[in-house]
Amino acid sequence: MKAAVYHCPEKVRLEEVPLPRIKEEEVLVRVKVALTCGTDRKLYLRGHPLFPPPFILGHEFAGDIAKIGKGVKKFKKGMRVVAANSAPCHHCFYCKLGKEELCENFFIRLSGAFAEYIAIPEPIVRDNLFEIPKDITYQEAVFLEPLACVIHGIEESQIKLGDTVVINGAGPIGLLFLQLAKLQGARVIITDLSKGRLSLASKLGADKVLNVTQVKDEVKAVRELTEGKRGADIAIEAVGSPEVWEKTIAMVRRGGLVNLFGGCSPKTLIKIPTNLLHYNEVTIKGVFHHTPDYVRKAFALICDKSINTESLITQQFPLQKIKKVLELTTAQEGLKFAIIP
Ligand SMILES: [Zn+2]
Ligand SMILES: [Zn+2]
């Protein structure tokens with residue numbers, strides 16, 4: 001089969017590789033659509049300790065079951081399916097604590113979707129593989145994993161009806177946050193440096209958009225958009241930049257909550273004023289990944305067509321154009337790209 005194989009930073013080649021073999025409890029999926037994601041960009045640019053090269057890129061995908069192992073009961077050949085990229089072990093300290101996103105045995109971090117076929121390991125078949133209903137397209141279903149992460153982010157943000165939420169970053173993740181925050185009855189301010197992304201944010205329901213290239217002090221500008229310049233009730237970082245992390249913290253009101261969602265480069269640090277934490281009683285938290293419960297909720301929202309995902313796919317390319325796709329992702333042009341293997 002054809003696959004986009006990563007060898008070292010910025011070296012990805014389209015190659016002919018053997019079809020993945022499946023074990024008794026596993027499923028082989030013929031990929032119909034795969035999406036690019038910020039993680040692919042990072043992997044392409046600097047690799048990852050969890051994925052020794054050569055490996056196949058891509059972890060967001062939907063497709064058809066091409067083959068099932070003898071032990072698989074829940075699925076049949078030919079079913080249209082979508083899967084998340086991991087599943088927890090259910091027996092480690094963190095799983096028992098109910099924090100499955102921190103599972104110690106998260107050995108299953110699936111990669112390999114930028115290929116014609118992908119094998120789904122047993123834990124994912126067990127927890128996080130779903131049959132796509134007839135009226136849902138592959139392009140809609142494929143948002144399962146990013147949406148599950150953002151649902152986790154939303155649940156941890158504790159938004160109440162009428163709260164003012166500021167979201168820094170109007171990329172795919174920021175725009176999913178926006179839609180979910182609106183579903184929760186929030187008033188949403190969203191910031192970015194791209195005019196195109198902000199105009200899409202307005203279409204998707206943002207109450208205020210702020211182009212950070214047009215203001216001197218974005219913290220002040222956001223505060224001015226809140227009642228009495230008090231600051232936002234909840235501030236969410238969806239960029240993954242230490243500088244934006246610090247600004248996000250400065251945008252929240254006394255007693256507010258800060259959700260630092262965007263993952264930054266390894267070894268980066270931020271500074272937080274101690275007085276802000278103490279006298280202003282600000283809560284600052286990091287939120288990471290998803291759990292089977294969030295994946296299930298994401299699947300339900302997709303099936304209900306509650307989220308506009310269509311506008312988050314900038315363009316579609318055949319797998320042969322993988323180099324072009326990675327160039328566009330590296331240049332941070334557009335939102336998500338759909339790859340059709
Ligand atoms: Zn992803
Ligand atoms: Zn575990």
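The values are calculated or read from the model by the stated rules, or taken from the named source; none is laboratory data. Treat the numbers as computed from the prediction; the structure is a model and nothing was measured. For neighbour counting, all protein chains shown are included, and Cβ atoms are generated from backbone atoms with ideal geometry for every residue, glycine included.
It is to be established whether one or more residues within the range 268-288 are in the same structural domain as L176 (by TED's automatic domain parsing), closer than 26 Å to E333 by Cβ and buried (at least 17 other Cβ atoms within 10 Å of the Cβ). Within the range 268-288, none of the residues are in the same structural domain as L176 (by TED's automatic domain parsing), closer than 26 Å to E333 by Cβ and buried (at least 17 other Cβ atoms within 10 Å of the Cβ). Note on the range 75-97: residues that are assigned to a loop (DSSP other than H, G, I, E, B) and either among the hydrophobic types (A, V, I, L, M, F, W, C) or more than 11 Å from ligand 2 (Cβ to nearest atom) (or both) total 11.
Here the range 219-255 is the region considered, the condition is being part of a helix (DSSP H, G or I), over 25 Å from the mean Cα position of the chain (by Cα) and of a type in the set (D, E, K, R), and the residue that is surrounded by the fewest Cβ atoms within 10 Å (Cβ to Cβ) is E227. For the range 256-271, the condition of being farther than 21 Å from T39 by Cβ and assigned to a helix (DSSP H, G or I) holds for none of the residues. Taking the criterion of being surrounded by fewer than 18 Cβ atoms within 10 Å (Cβ to Cβ) and either under 24 Å from the mean Cα position of the chain (by Cα) or touching a residue at least 60 places away in the same chain (Cβ under 8 Å) (or both), the only residue of the range 56-67 that qualifies is D64. The residues in the range 68-98 that are more than 16 Å from ligand 1 (Cβ to nearest atom) and touching a residue at least 40 places away in the same chain (Cβ under 8 Å) can be counted, and the count is 11. When the criteria are applied in full, G58 fails the requirement of being more than 16 Å from ligand 1 (Cβ to nearest atom) and not in a helix (DSSP H, G or I). Pairs are defined by a Cβ separation below 9 Å, a sequence spacing of at least 6 or placement on different chains, a first member in the range 279-304 that is touching a residue at least 40 places away in the same chain (Cβ under 8 Å) and in a strand (DSSP E or B), and a second member that is surrounded by 15 or more Cβ atoms within 10 Å (Cβ to Cβ) and of a type in the set (A, V, I, L, M); the pairs so defined are K285/L257; K285/V258; K285/L260. Flag set for K32, criterion: more than 14 Å from E122 (Cβ to Cβ) and more than 16 Å from ligand 2 (Cβ to nearest atom). Determine if the range 33-41 includes at least one residue that is surrounded by fewer than 19 Cβ atoms within 10 Å (Cβ to Cβ), in contact (Cβ under 8 Å) with a residue 40 or more places away in the chain and not in a strand (DSSP E or B). So far as the range 33-41 goes, yes, one or more of its residues are surrounded by fewer than 19 Cβ atoms within 10 Å (Cβ to Cβ), in contact (Cβ under 8 Å) with a residue 40 or more places away in the chain and not in a strand (DSSP E or B).
Take the conditions (1) over 21 Å from the mean Cα position of the chain (by Cα); (2) more than 16 Å from ligand 2 (Cβ to nearest atom); (3) outside any strand (DSSP E or B); P146 misses just one of them, which is (1). Of L326, L312, all but one fail to be surrounded by 18 or more Cβ atoms within 10 Å (Cβ to Cβ), of a type in the set (A, V, I, L, M) and in contact with a Lys or Arg (Cβ under 6 Å, 6 or more places away or on another chain); the exception is L312.
Checking G112 against (1) within 11 Å of ligand 2 (Cβ to nearest atom); (2) on the phi > 0 side of the Ramachandran plot; (3) in contact (Cβ under 8 Å) with a residue 40 or more places away in the chain, which test does it fail? (1) is the only condition that G112 fails. Just to verify a result, which residue in the range 168-185, among those that are under 12 Å from A235 (Cα atoms) and among the small types (G, A, S), is farthest from the chain's Cα centre (by Cα)? Top of the filtered list is A181. Once the range 106-151 is narrowed to residues that are of a type in the set (S, T, N, Q) and at pLDDT 95 or above, the residue that is farthest from F288 (Cα to Cα) is T137. The combined condition, being touching a residue at least 60 places away in the same chain (Cβ under 8 Å) and basic (K, R), is fulfilled by K247. Flag: I167 does not match the condition of being assigned to a strand (DSSP E or B), away from ligand 2 (no atom under 16 Å from the Cβ), in contact with a Lys or Arg (Cβ under 6 Å, 6 or more places away or on another chain) and in the same structural domain as V252 (by TED's automatic domain parsing).
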